[in-house]
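Each remark here refers to the structure printed beneath this line.
The values are calculated or read from the model by the stated rules, or taken from the named source; none is laboratory data. Everything numeric here is computed off the predicted structure, so don't read it as measured data. Here the Cβ positions follow ideal geometry from the backbone for every residue, glycine too, while neighbour counts run over all protein chains shown.
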Amino acid sequence: MGSLGFDGFLLPAPSDVSWMTDFTGHDSVLVVTPDAMTLATDFRYVEQVARECPWLAIALRENQMAETLAGVLVRSGARRIGFDANRLTFGMHRSLLGAIQSAGGGSIELVPADDVLLSLRKIKDAHEVENIRRAVGVAEEAFRRLLGQIRTGVTESALAGILEMEMRRLGASGSSFSPIVAVGASSSLPHYRASETPVRPNVPLLIDWGAVVGGYCSDLTRTLLIGDVDARIEEIYQVVLKAQSAAIRLLRPGVTTRQADSAARDVIREAGYGEQFGHGLGHGIGLEVHEMPSLRRQGADEPLQAGMIVTIEPGIYLPGVGGVRIEDDVLITVDGCEVLSSLEKSLEACRISV
Ligand code: ZN
Ligand code: ZN
């Protein structure tokens, strides 16, 4: 706050509030000033605050959130209040300005900033790494349990449900996102959702899933080859695997996000599939499944730092034929990296029969 010239900061996003305080509820806004943290919340969360972060001051909201927040801000004496522009809605900003005026805080200024909290959240501490490690382990074990249940006729949606149930049985509070389970040609849609399509032989089966453990997300993808698949699928499988290894080999502090992306992209381009890898190489994971940094060819280029945890997920998508994506979660360490996920991914290991 000091370096940004703020004497207050507003945090309306639940994941930012949780990162700062351990409070896991919603509909609450944290006000941070140099000497206090106050959570504007309502009756539903009073007992929860006492359990999760009893040290936290509460401003109890009885009417509009904007009025409660304006009261906290005026009482704090802060003048220049920052907020992350991507986190505060236009509606909240507008009503907050009105409420501040009404509360006699005419000299208070609300100042937008860019991804202040997400930047702080990029580097994971030991507690966060441990939670993500557990989230990866739970997701992997659930996947192993799923493997034995993949049969001809079982729908994508049913497989997604089995994965979610197994993750919860293993201690997850839920899924990082609704699992993507894509049979056959649908696997060429990078963000396909599981539907009623049944499993059948001789097609690829792409599964992208993750668990939430201790609030933290994992995010993995495996592409299974059911029986004898189209030769083009086998070919792109080997290219994607090679691209992923090339990127992982490079990862260490100082290597930039764009360099990592290029390491994988060059392999895919040289194999003639550059146009079929239309998304970035990966992204940070944490309390949210998509965090900073973003590993991609456009946009911000930044050096990787020890403590970041990123996904490495190259893919090749052939419309009408199918797609292959392989995704692992990787911790950047002081002298290299550690792949947190250990599910097998050689083509032969991913060939299954149903
Ligand atoms: Zn994923
Ligand atoms: Zn991902």
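The single condition from (1) touching a Pro at 6+ places or on another chain (Cβ under 9 Å); (2) in a helix (DSSP H, G or I); (3) more than 20 Å from Glu344 (Cα to Cα); (4) within 16 Å of ligand 1 (Cβ to nearest atom) that Leu159 fails is (3). Applying the set (1) free of Cβ contacts under 8 Å to residues at least 24 places away in the same chain; (2) surrounded by 16 or more Cβ atoms within 10 Å (Cβ to Cβ); (3) not hydrophobic (A, V, I, L, M, F, W, C) to Glu270 leaves exactly one unmet item: (2). Scan segment 208-237 residue by residue and report those that are under 25 Å from the mean Cα position of the chain (by Cα) and either under 13 Å from Lys345 (Cα atoms) or of a type in the set (A, V, I, L, M) (or both). Hits for segment 208-237 are Ala211, Val212, Val213, Leu220, Thr221, Arg222, Thr223, Leu224, Tyr237.
Are any of the residues in segment 92-103 in a loop (DSSP other than H, G, I, E, B), in contact with a strand residue (DSSP E or B) (Cβ under 7 Å, 6 or more places away or on another chain) and surrounded by 13 or more Cβ atoms within 10 Å (Cβ to Cβ)? Within segment 92-103, none of the residues are in a loop (DSSP other than H, G, I, E, B), in contact with a strand residue (DSSP E or B) (Cβ under 7 Å, 6 or more places away or on another chain) and surrounded by 13 or more Cβ atoms within 10 Å (Cβ to Cβ).
Taking only segment 284-296 into account, find how many residues are within 12 Å of ligand 1 (Cβ to nearest atom) and buried (at least 22 other Cβ atoms within 10 Å of the Cβ). Walk me through how you get there before you give the answer.
Going residue by residue through segment 284-296, those that are within 12 Å of ligand 1 (Cβ to nearest atom) are 285, 289-290.
Now restrict to residues that are buried (at least 22 other Cβ atoms within 10 Å of the Cβ): 285.
The qualifying residues number 1.
So for segment 267-276 (the condition being of a type in the set (Phe, Trp, Tyr) and either in contact with a His (Cβ under 7 Å, 6 or more places away or on another chain) or farther than 18 Å from His191 by Cα (or both)), does at least one residue qualify? Break it down into steps so the answer makes sense when it comes.
We begin by selecting, within segment 267-276, every residue of a type in the set (Phe, Trp, Tyr); these are 273.
Retained after the next criterion (residues that are either in contact with a His (Cβ under 7 Å, 6 or more places away or on another chain) or farther than 18 Å from His191 by Cα (or both)): 273.
The answer is yes; a qualifying residue exists.
Regarding Gly254, is this residue farther than 25 Å from Ala300 by Cβ, more than 20 Å from the chain's Cα centre (by Cα) and away from ligand 1 (no atom under 16 Å from the Cβ)?
Values: farther than 25 Å from Ala300 by Cβ: no; more than 20 Å from the chain's Cα centre (by Cα): yes; away from ligand 1 (no atom under 16 Å from the Cβ): yes.
Taking the combined requirement at face value, the residue does not satisfy it.
From the list Gly210, Gly153, Gly215, the one residue that fits, being buried (at least 19 other Cβ atoms within 10 Å of the Cβ) and either within 16 Å of ligand 2 (Cβ to nearest atom) or not acidic (Asp, Glu) (or both), is Gly210.
Looking across Leu281, Leu304, Leu251, one residue alone is in contact (Cβ under 8 Å) with a residue 60 or more places away in the chain and closer than 18 Å to Asp329 by Cα. It is Leu251. Note on segment 326-340: residues that are in a loop (DSSP other than H, G, I, E, B) and under 19 Å from Glu302 (Cα atoms) amount to 2.
The residues of segment 190-209 that are among the aliphatic types (A, V, I, L, M) and within 22 Å of Ile285 (Cβ to Cβ), listed by number, are Ala194, Leu206, Ile207.
Do we find that Gln244 is assigned to a helix (DSSP H, G or I) and either within 16 Å of ligand 1 (Cβ to nearest atom) or buried (at least 21 other Cβ atoms within 10 Å of the Cβ) (or both) in this structure? Steps first, answer last, please.
Numbers: assigned to a helix (DSSP H, G or I): yes; either within 16 Å of ligand 1 (Cβ to nearest atom) or buried (at least 21 other Cβ atoms within 10 Å of the Cβ) (or both): yes.
Yes; evaluated as a whole, the condition is true for this residue.
When you scan segment 312-354, how many residues do you find that are acidic (Asp, Glu) and within 19 Å of Leu281 (Cβ to Cβ)?
So the first thing to find is which residues in segment 312-354 are acidic (Asp, Glu), and the list is 313, 327-329, 335, 338, 344, 348.
Checking the rest, the ones that are also within 19 Å of Leu281 (Cβ to Cβ) come to 313, 327-329, 338.
Result for segment 312-354: 5.
Which is closer than 25 Å to Phe143 by Cα and more than 16 Å from ligand 1 (Cβ to nearest atom), of Gly322, Gly336, Gly299, Gly274?
Working: Gly336 fails: closer than 25 Å to Phe143 by Cα; Gly299 fails: closer than 25 Å to Phe143 by Cα; Gly274 fails: closer than 25 Å to Phe143 by Cα.
Result: Gly322 is the single residue among Gly322, Gly336, Gly299, Gly274 that is closer than 25 Å to Phe143 by Cα and more than 16 Å from ligand 1 (Cβ to nearest atom).
Pairs meeting the criteria (first residue in segment 176-188 and assigned to a helix (DSSP H, G or I), second residue among the aromatic types (Phe, Trp, Tyr) and at pLDDT below 95, beta carbons under 6 Å, at least 6 apart or on different chains) are Ser186/Tyr192. Summed over segment 302-316, the residues that are more than 15 Å from ligand 2 (Cβ to nearest atom) and either over 30 Å from Ala126 (Cα atoms) or touching a His at 6+ places or on another chain (Cβ under 6 Å) (or both) give a count of 1.
State yes or no: is Asp261 among the acidic types (Asp, Glu), surrounded by 20 or more Cβ atoms within 10 Å (Cβ to Cβ) and either within 18 Å of Ser245 (Cβ to Cβ) or away from ligand 1 (no atom under 16 Å from the Cβ) (or both)?
Details: among the acidic types (Asp, Glu): yes; surrounded by 20 or more Cβ atoms within 10 Å (Cβ to Cβ): yes; either within 18 Å of Ser245 (Cβ to Cβ) or away from ligand 1 (no atom under 16 Å from the Cβ) (or both): yes.
Criteria met by Asp261.
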